[in-house]
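Here the structure comes first, spelled out in structure tokens, and everything after it is commentary.
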Amino acid sequence: MTIPEQEELSPVSGNRRAKQDGDVRARWAWVEAKVWTKPMLETLERGIKGGRWFALIDKVSTDTTLQRAWEGVKSNGGSAGVDGITVQRFEKDCQNRLLVVREHIKARTYQPEPVRRVWIEKPGGGQRPLGIPTVRDRVVQNALRMVIEPIFEQEFAAHSYGFRPGRGCKDALRRVDALLGQERVWVVDADLKSYFDTIPHEKLMEKVEERIADGGVLTLIRSFLKQGVMEEMKHYEAGEEGTPQGAVMSPLLANIYLNPLDHLMAAAGCEMVRYADDFVVLCRDKGSAESALDLIQQWVRQAGLVLHPEKTRIVYASQPGGFDFLGYHFERGKKWPRKKRENKLREKVRGYTRRTSGEALRTIIGNLNSVLKGWYGYFKHSLKSAMSGMDSWVRGRLRNLLYKRQGGRGIVRGEIQKRYPNAYFAKLGLFSLEQAWVFEVQSQRKSHSPTGEPDAGNPPVRFGGRGGE
């Protein structure tokens, strides 16, 4: 039941049914044509003899592959690595730099630099490490990914959505929403403890070697797994676990390692939805959920990973409590932004609306609109009350700011609220989450009504679009 239902959602050519439709190039439109030729794609769909691919390293080092890889790195931007070379500096002499990279790859002498580690603030407090590879290493990893990704995309499970071509968070959320609508309200809410930092290198390479036999490619992947870390002029050697932080290859390698779990759950008839290391399993009864969790625990132990004991649980989503997934909280047939995501937005708004701010009100509102529109784009599928509540809080911040400018002290009350009603901020162009929500719901109702008129009820905005919308 799991795979037939979800194959319809897959925009990539990994499902076998696609072989009967259209041209092979159309089915693999996202791959680089100069890297993966039509005969190669036909072989990929048909199945290569022995199941393993040879002679791939030469494709990694071609001028075309490296140029396309560099263009991808350039468009993503990012900071300099340990060598201090920025994207802009790399661009000034990119052809010579790419030529040197090509020669090192062909000679099997390419060695990546250590990853530069910085620490960034977490929304809930504390810090988390962020790895920044050099621009040169990002180019090589991107080239490597372009060559090997289709091989693994061919067999990734339909319920895996994270960091895959043509897929995104909204696809995964849409699937969760649909399954909850099918009364699959017993949910295994699983959390892999420090997943990206604990993937065993040798076991990961065994999975890669099941499909790739090219020694040059395997050596290159191993070299990136063994990248050290540089922090404040101190160098730390890589251990035997974990994929490099911030690496272009890390999401693909992480999906490769969890792919056997995906297929194990599908074979057991479990409705799993996974986005990278974040996944839930939705079941019709408690017994099925317990069996699914037991299966996950067994596989995780064998894979050398660890489930977070406090964050892994079975939830009955039809009762108070619910569960969080990809920024949303699901509970009793409804959904709204999880508390951490609301707090993150509030922190941004506070930064623009400090009572000591000297900026013009229209400038402040312009900055707020940019933040609010982005937040709405992702969380518009929530309850209306989530939108109106946030609107009220934002306007309250602005009233406090105006009250302070007029010499007032303490909490805004009475007269100042009458002086600056909601219409005042609307006239200044403040983006209203609630109004945007109402407009979109009315548009959806009208488009789905046989009479062309809005239908009754007050549902949240439906998950629409694809690839994260």
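Given the conditions (1) farther than 16 Å from Glu434 by Cα; (2) buried (at least 16 other Cβ atoms within 10 Å of the Cβ), which single one is not true for Tyr378?
That leaves (1) as the condition not met.
Going through the stretch 83-114 one residue at a time, which ones are of a type in the set (Asp, Glu), in a helix (DSSP H, G or I) and open to solvent by less than 80 Å² (accessible area, probe 1.4 Å)?
Within the stretch 83-114, the first condition is being of a type in the set (Asp, Glu), and the residues that meet it are 83, 91, 93, 103, 113.
Now drop any that are not in a helix (DSSP H, G or I), which leaves 91, 103.
Residue satisfying the conditions is Glu91 alone.
Does Arg174 count as buried (at least 19 other Cβ atoms within 10 Å of the Cβ), over 25 Å from Gln302 (Cβ atoms) and touching a residue at least 24 places away in the same chain (Cβ under 8 Å)? Quick ask: steps written out before the conclusion?
On the way: buried (at least 19 other Cβ atoms within 10 Å of the Cβ): yes; over 25 Å from Gln302 (Cβ atoms): yes; touching a residue at least 24 places away in the same chain (Cβ under 8 Å): yes.
Yes; evaluated as a whole, the condition is true for this residue.
Being assigned to a helix (DSSP H, G or I) and more than 20 Å from the chain's Cα centre (by Cα): is that true of Val139 here? I'd like the intermediate steps shown before the answer.
Values: assigned to a helix (DSSP H, G or I): yes; more than 20 Å from the chain's Cα centre (by Cα): yes.
So Val139 passes the test.
Where residues in the stretch 284-303 are in contact with a strand residue (DSSP E or B) (Cβ under 8 Å, 6 or more places away or on another chain) and polar (S, T, N, Q), which of them is nearest to Pro200 (Cα to Cα)?
Taking the stretch 284-303 and keeping what is in contact with a strand residue (DSSP E or B) (Cβ under 8 Å, 6 or more places away or on another chain), we get 284-286, 288-290, 292-293, 296-297, 300, 303.
Right, trim to polar (S, T, N, Q) and you get 288, 297.
Values: Ser288: 30, Gln297: 17 Å.
The qualifying residue nearest to Pro200 (Cα to Cα) is Gln297.
Glu183 is checked against (1) touching a Leu at 6+ places or on another chain (Cβ under 6 Å); (2) open to solvent by 60 Å² or more (accessible area, probe 1.4 Å) and fails just one. What number does that condition carry?
Among (1) touching a Leu at 6+ places or on another chain (Cβ under 6 Å); (2) open to solvent by 60 Å² or more (accessible area, probe 1.4 Å), Glu183 violates only (1).
Given the options Gly351, Gly304, Gly321, name the one that is in contact (Cβ under 8 Å) with a residue 60 or more places away in the chain and not charged (D, E, K, R).
Gly304
Give all pairs with beta carbons closer than 8 Å in which a residue from the stretch 56-75 that is within 14 Å of Val217 (Cβ to Cβ) and outside any helix (DSSP H, G or I) meets a residue that is at pLDDT below 95 and open to solvent by 80 Å² or more (accessible area, probe 1.4 Å); count only pairs at least 6 apart in sequence or on separate chains.
Thr62/Lys34
Taking the stated definitions as given, is Glu149 over 20 Å from Tyr378 (Cβ atoms), in a helix (DSSP H, G or I) and touching a residue at least 24 places away in the same chain (Cβ under 8 Å)?
Details: over 20 Å from Tyr378 (Cβ atoms): yes; in a helix (DSSP H, G or I): yes; touching a residue at least 24 places away in the same chain (Cβ under 8 Å): yes.
Yes: the conditions hold for Glu149.
Does Ala80 fit the bill of being in contact with a Ser or Thr (Cβ under 9 Å, 6 or more places away or on another chain), within 20 Å of Arg97 (Cβ to Cβ) and at pLDDT 90 or above?
Working: in contact with a Ser or Thr (Cβ under 9 Å, 6 or more places away or on another chain): yes; within 20 Å of Arg97 (Cβ to Cβ): yes; at pLDDT 90 or above: yes.
Spelling it out, Ala80 is indeed in contact with a Ser or Thr (Cβ under 9 Å, 6 or more places away or on another chain), within 20 Å of Arg97 (Cβ to Cβ) and at pLDDT 90 or above.
Checking the condition of a type in the set (Lys, Arg), touching a Gly at 6+ places or on another chain (Cβ under 7 Å) and open to solvent by 30 Å² or more (accessible area, probe 1.4 Å), which residue from Lys340, Lys373 passes?
Details: Lys373 fails: touching a Gly at 6+ places or on another chain (Cβ under 7 Å).
None of the others qualify; the one that does is Lys340.
Which condition breaks for Phe279 when tested against (1) open to solvent by 30 Å² or more (accessible area, probe 1.4 Å); (2) touching a strand residue (DSSP E or B) at 6+ places or on another chain (Cβ under 8 Å); (3) of a type in the set (Phe, Trp, Tyr)?
Phe279 satisfies all of (1) open to solvent by 30 Å² or more (accessible area, probe 1.4 Å); (2) touching a strand residue (DSSP E or B) at 6+ places or on another chain (Cβ under 8 Å); (3) of a type in the set (Phe, Trp, Tyr) except (1).
Provide a single number: the residues in the stretch 199-245 that are under 25 Å from Leu307 (Cβ atoms) and out of contact with any helix residue (DSSP H, G or I) (no Cβ under 8 Å at 6 or more places or on another chain).
In the first step, residues of the stretch 199-245 are kept if they are under 25 Å from Leu307 (Cβ atoms); the result is 199-208, 210, 225, 238-245.
Now restrict to residues that are out of contact with any helix residue (DSSP H, G or I) (no Cβ under 8 Å at 6 or more places or on another chain): 200, 202, 206, 239.
Counting residues in the stretch 199-245 that are under 25 Å from Leu307 (Cβ atoms) and out of contact with any helix residue (DSSP H, G or I) (no Cβ under 8 Å at 6 or more places or on another chain) gives 4.
So, in the stretch 115-131, exactly how many residues are among the basic types (Lys, Arg), part of a strand (DSSP E or B) and either out of contact with any Gly (no Cβ under 8 Å at 6 or more places or on another chain) or open to solvent by less than 50 Å² (accessible area, probe 1.4 Å) (or both)? Walk me through how you get there before you give the answer.
The initial filter retains those residues of the stretch 115-131 that are among the basic types (Lys, Arg), namely 116-117, 122, 128.
Add one more test, that the residue is part of a strand (DSSP E or B), and what stays is 116-117, 128.
This time we only want the ones that are either out of contact with any Gly (no Cβ under 8 Å at 6 or more places or on another chain) or open to solvent by less than 50 Å² (accessible area, probe 1.4 Å) (or both), so: 128.
Matching residues across the stretch 115-131 total 1.
Please go through the stretch 19-61 and give me each residue that is open to solvent by less than 30 Å² (accessible area, probe 1.4 Å) and on the phi > 0 side of the Ramachandran plot, ordered by number.
Correct list: Gly51 only.
Between residues in the stretch 216-244 that are farther than 15 Å from Pro133 by Cα and part of a strand (DSSP E or B) and residues that are open to solvent by 10 Å² or more (accessible area, probe 1.4 Å) and at pLDDT 80 or above, which pairs lie under 9 Å by C-beta distance while being six or more apart or on different chains?
Final answer for the pair search is Glu241/Asp197; Glu241/Thr198; Glu241/Pro200; Glu241/Gly304.
Residue by residue through the stretch 186-210, note down the ones that are in a helix (DSSP H, G or I) and open to solvent by 50 Å² or more (accessible area, probe 1.4 Å).
Going through the stretch 186-210, the residues in a helix (DSSP H, G or I) turn out to be 195-198, 201-209.
Of everything in the stretch 186-210, those that are in a helix (DSSP H, G or I) and open to solvent by 50 Å² or more (accessible area, probe 1.4 Å) turn out to be Phe196, Asp197, Glu202, Lys203, Glu206, Lys207, Glu209.
For the stretch 332-370, which positions are on the phi > 0 side of the Ramachandran plot and of a type outside the set (D, E, K, R)? Walk me through it before giving the result.
We begin by selecting, within the stretch 332-370, every residue on the phi > 0 side of the Ramachandran plot; these are 332-333.
If the condition is that a residue be on the phi > 0 side of the Ramachandran plot and of a type outside the set (D, E, K, R), then Gly333 is the only one that fits.
Looking at the stretch 211-250 only, could you name the residues that are open to solvent by 80 Å² or more (accessible area, probe 1.4 Å), under 26 Å from the mean Cα position of the chain (by Cα) and farther than 26 Å from Lys74 by Cα?
Result: Glu240, Glu241.
The values are calculated or read from the model by the stated rules, or taken from the named source; none is laboratory data. As the structure is a computational prediction, the values presented were derived from the model and not from experiment. For neighbour counting, all protein chains shown are included, and Cβ atoms are generated from backbone atoms with ideal geometry for every residue, glycine included. Ligands, DNA and RNA are stripped out before the accessible areas are found, and what is left, the full protein with its side chains, is counted by its heavy atoms. Shrake-Rupley method; radii C 1.70, N 1.55, O 1.52, S 1.80 Å.
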